[in-house]
Amino acid sequence: TIMFVGYQAIGTLGRSIVDGAEKVRILGAKYPVKARIVRIHGFSAHADSDALVEYANEVGSSAESIFLVHGEPDQCEILADRIAERIGKTSIIPAQGEAFEL
């Protein structure tokens, strides 16, 4: 049995396994997934979106820009919309490798 605690990002080995892959690639070799998979969804190393919106509300008025750089794109868009509704600022969601002068 393998227990996954928390979120598994898209494109990771963990995500492939929890999504039901029958075989996975590790260091170039393919292996069958023979383990029973168990997930616990209640744990997270990250603040929830309510806490992030509240934080943006507290510091956002003095911020020139708000960058959202962690999370999947669709979830970043949802958070950006919530921040815009709450504090009236548009968040920037950079693409991988995109650079900004601060």
Residues located in the range 68-91, provided they are over 23 Å from T12 (Cβ atoms), surrounded by 14 or more Cβ atoms within 10 Å (Cβ to Cβ) and touching a residue at least 12 places away in the same chain (Cβ under 8 Å): A80, R82, I83, I87, K89, S91
Search result, residues across the range 58-67 that are in contact (Cβ under 8 Å) with a residue 12 or more places away in the chain and either of a type in the set (D, E, K, R) or touching a strand residue (DSSP E or B) at 6+ places or on another chain (Cβ under 9 Å) (or both): G60, S65, I66, F67
Every residue from the range 1-21 that is free of Cβ contacts under 8 Å to residues at least 12 places away in the same chain and of a type in the set (A, V, I, L, M, F, W, C): none
Among the residues of the range 29-40, is any free of Cβ contacts under 8 Å to residues at least 24 places away in the same chain and β-branched (V, I, T)? yes
Applying the selection to the range 4-19, what residues are open to solvent by less than 70 Å² (accessible area, probe 1.4 Å) and either out of contact with any strand residue (DSSP E or B) (no Cβ under 8 Å at 6 or more places or on another chain) or hydrophobic (A, V, I, L, M, F, W, C) (or both)? F4, Q8, A9, T12, R15, I17, V18
Condition set among the charged types (D, E, K, R) and modelled with pLDDT of 90 or more, scope the range 22-54, selection surrounded by the most Cβ atoms within 10 Å (Cβ to Cβ): answer is R25
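The values are calculated or read from the model by the stated rules, or taken from the named source; none is laboratory data. Because the structure is a prediction, the values reported are computed rather than measured. In this analysis, Cβ positions are derived from the backbone assuming ideal geometry, glycine residues included, and neighbour counts consider all displayed protein chains. Surface accessibility is based on the protein's heavy atoms, side chains included, excluding ligands, DNA and RNA. Shrake-Rupley method; radii C 1.70, N 1.55, O 1.52, S 1.80 Å.
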